[in-house]
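Note sheet for the following structure.
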Amino acid sequence: MVPLVAARAAPPPVPSTERRTPAAARPTTIACLRIPFAPISFPLRTGHCPTWQPSSQLRNTLAGEHTRTAEGAVATMLCHLPYRRRMPTSQSRPQRSATTKTKTPPAFSRDLKLEALAKSCTRFLTGNGIRSADELLATIPPGTEVDNYGIGGPVTELEVEVASLLGKQAALFFPTGTMAQQATLRVHADRRSSRSVAFHPACHMETNEERGYQRLHGLFGIPVGPRDEPLSIASLGQVREPIAALLLELPQRALGGTLPSWTELVAQVGWARDHGAAVHLDGARLWESTPSYKARHRKSIADIAGLFDTVYVSFYKGLGGIAGCCVAGDTDVIEELSVWRTRHGGRAFGLWPYAASSLSALRTRLPRMPAYYRHALAIATAIRDVPGIDVLPDPIQSPMMHLRLSVSLDEFRERTVQIARSDKVWMFSRAWASLGPNLQEFELSVGDATLKLSPDQIRELFVRLTGGSGRRSVSRR
Ligand SMILES: Cc1ncc(COP(=O)(O)O)c(C=O)c1O
């Protein structure tokens with residue numbers, strides 16, 4: 001066994017001549033770091049350490065059967081690296097005095113005062129407003145059964161309902177879309193000879209997931225086309241290498257919820273199939289795509305999903321559940337995906353609170369999507385001509401839009417606070433993007449809270465936010 005005492009012995013002072021020895025001329029000791037009881041030895045090259053010399057005790061150990069010099073001896077020793085000397089000891093560690101105050105760590109990217117003001121409001125411009133834990137818990141019906149590691153109860157019920165809604169053989173519940181989509185693309189790649197995945201450069205997987213697809217699954221991303229334009233068949237034509245999958249996002253959130261025409265969508269999917277690639281849909285907001293495809297092309301949600309091998313849908317964005325999503329596809333793909341859900345740690349002992357809330361959200365809000373879309377169209381019409389506002393896309397294509405406002409961040413904050421205090425209406429917590437000192441982009445997604453404000457009231461709010469002349473307070477209905 002490794003004599004720990006030798007390993008912990010302090011290194012002796014190094015003769016001044018050795019300190020001057022150039023690194024290249026220094027003898028190198030190759031040592032094996034052998035962990036007691038573990039049959040593994042890690043080779044360590046110690047010659048790079050100018051100040052380290054083995055202690056006499058350690059030299060004795062090194063002289064044993066496991067020891068050799070750079071010329072050939074093997075050493076067994078416990079790590080004797082310089083960093084050990086820099087680790088604080090109980091003496092060197094700064095002592096906390098009795099009077100030291102424990103400070104609350106700064107909130108990461110959060111403005112707690114602004115959040116408190118937002119919570120004090122009674123009306124909200126975007127989505128379903130700020131909801132309390134009580135309100136979210138109320139989305140879980142009394143008498144809900146529990147699942148067991150994702151099997152049974154509302155989890156299975158939700159998976160069956162989603163698969164049938166999307167016209168797929170099976171569906172699998174995941175706690176997050178981040179986990180779900182990376183795993184899905186991995187499954188597609190494992191079934192093909194390429195590990196490359198093509199997607200729009202502004203998609204969530206590329207911009208918000210810390211390159212999980214690459215770091216966890218060894219996939220390569222191929223961003224296709226310009227960041228500020230929707231993906232097109234023309235851009236796909238520029239991809240000159242085999243790909244395992246094409247990921248399409250409907251609607252494209254970063255562009256304000258754009259949707260390709262049906263013809264364009266079918267062409268993009270066809271391109272992927274012609275290249276032997278799977279086609280995966282990031283349908284985080286697929287629900288929001290349905291009114292437009294229905295109105296413009298008479299296509300149902302199952303028609304849209306039918307184009308894709310796998311479809312991811314989220315239950316907490318437009319639908320307003322607590323969290324969670326499903327991936328739907330062929331049974332064999334979903335079964336393989338469930339192995340990755342386990343590997344990712346996504347098979348929690350009880351997923352029922354998320355799944356039950358998701359079921360309620362799906363059943364309550366999916367039928368409201370056409371109303372959200374109509375309201376969004378009316379809002380866009382009402383605010384389009386307010387000076388200092390650009391609506392993107394124009395015309396809007398889903399119940400969401402991005403708005404470019406000619407305001408500075410300071411003006412935005414000041415006016416938002418003023419409107420919140422005087423009218424108890426909360427507009428935006430933050431800008432989606434700051435495009436310059438006097439140009440900010442905001443995301444407006446229409447939900448239950450937005451429906452409570454008329455297009456005229458919303459226009460009034462934007463006039464005030466952009467510093468226009470309208471100073472009336474927003475009337476209560
Ligand atoms: C388009 C899109 N895809 C995927 C995700 C990831 O979802 P989750 O937050 O469940 O990981 C998001 C989240 O905002 C999203 O907007």
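Look at LEU319 and say whether it is within 20 Å of GLY153 (Cα to Cα) and within 16 Å of the ligand (Cβ to nearest atom). Walk me through how you get there before you give the answer.
Numbers: within 20 Å of GLY153 (Cα to Cα): no; within 16 Å of the ligand (Cβ to nearest atom): yes.
Spelling it out, it is not the case that LEU319 is within 20 Å of GLY153 (Cα to Cα) and within 16 Å of the ligand (Cβ to nearest atom).
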Examine segment 325-340 for a residue that is modelled with pLDDT of 95 or more, buried (at least 21 other Cβ atoms within 10 Å of the Cβ), more than 19 Å from THR184 (Cβ to Cβ) and away from the ligand (no atom under 13 Å from the Cβ), and state whether such a residue exists. no
Only unsatisfied item for ARG186, checking (1) within 17 Å of the chain's Cα centre (by Cα); (2) within 28 Å of TRP262 (Cβ to Cβ); (3) surrounded by 18 or more Cβ atoms within 10 Å (Cβ to Cβ), is (2)
Any idea which of (1) within 16 Å of the ligand (Cβ to nearest atom); (2) closer than 29 Å to SER292 by Cα; (3) over 14 Å from the mean Cα position of the chain (by Cα) is the one SER235 doesn't satisfy? (1)
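Would you point out which residue out of SER314, SER292, SER300 is buried (at least 18 other Cβ atoms within 10 Å of the Cβ) and more than 16 Å from the ligand (Cβ to nearest atom)? Before the answer, list the steps.
On the way: SER314 fails: more than 16 Å from the ligand (Cβ to nearest atom); SER300 fails: buried (at least 18 other Cβ atoms within 10 Å of the Cβ).
Testing whether each residue is buried (at least 18 other Cβ atoms within 10 Å of the Cβ) and more than 16 Å from the ligand (Cβ to nearest atom) leaves just SER292.
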Taking the condition of being surrounded by fewer than 16 Cβ atoms within 10 Å (Cβ to Cβ) and either within 16 Å of the ligand (Cβ to nearest atom) or within 24 Å of the chain's Cα centre (by Cα) (or both), how many residues in segment 145-177 meet it? 1
All but one of (1) part of a loop (DSSP other than H, G, I, E, B); (2) within 15 Å of the ligand (Cβ to nearest atom); (3) within 24 Å of THR331 (Cα to Cα) hold for ALA202; which doesn't? (3)
State which residue pairs qualify: first residue within 27 Å of ALA234 (Cα to Cα) and more than 14 Å from the ligand (Cβ to nearest atom) and inside segment 205-223, second residue part of a loop (DSSP other than H, G, I, E, B) and of a type in the set (Val, Ile, Thr) in any location, beta carbons under 7 Å apart, and separation of 6 or more residues or different chains. ILE222/VAL239; ILE222/ILE243
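For LEU247, are the conditions met, namely being hydrophobic (A, V, I, L, M, F, W, C) and either within 14 Å of the ligand (Cβ to nearest atom) or surrounded by fewer than 20 Cβ atoms within 10 Å (Cβ to Cβ) (or both)? I'd like the intermediate steps shown before the answer.
Working: hydrophobic (A, V, I, L, M, F, W, C): yes; either within 14 Å of the ligand (Cβ to nearest atom) or surrounded by fewer than 20 Cβ atoms within 10 Å (Cβ to Cβ) (or both): yes.
For LEU247, the condition - hydrophobic (A, V, I, L, M, F, W, C) and either within 14 Å of the ligand (Cβ to nearest atom) or surrounded by fewer than 20 Cβ atoms within 10 Å (Cβ to Cβ) (or both) - is met.
To keep it simple, each residue is scored yes or no on (1) among the β-branched types (Val, Ile, Thr); (2) surrounded by 22 or more Cβ atoms within 10 Å (Cβ to Cβ); (3) under 25 Å from the mean Cα position of the chain (by Cα).
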| position | (1), (2), (3) |
| --- | --- |
| TYR373 | no, yes, no |
| ALA376 | no, yes, no |
| GLN397 | no, yes, yes |
| LYS424 | no, no, no |
| LYS452 | no, no, no |
| PHE462 | no, yes, no |
| GLY468 | no, no, no |
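Among the residues of segment 104-118, is there at least one that is in contact with a Ser or Thr (Cβ under 7 Å, 6 or more places away or on another chain), in a loop (DSSP other than H, G, I, E, B) and modelled with pLDDT of 95 or more?
The initial filter retains those residues of segment 104-118 that are in contact with a Ser or Thr (Cβ under 7 Å, 6 or more places away or on another chain), namely 114, 118.
Among the residues that remain, those that are also in a loop (DSSP other than H, G, I, E, B) are: none.
Within segment 104-118, not a single residue is in contact with a Ser or Thr (Cβ under 7 Å, 6 or more places away or on another chain), in a loop (DSSP other than H, G, I, E, B) and modelled with pLDDT of 95 or more.
The values are calculated or read from the model by the stated rules, or taken from the named source; none is laboratory data. Model, not experiment: these values are computed from the prediction. Note that each Cβ is placed from the backbone with ideal geometry, even for glycine, and that neighbours are counted across all protein chains shown.
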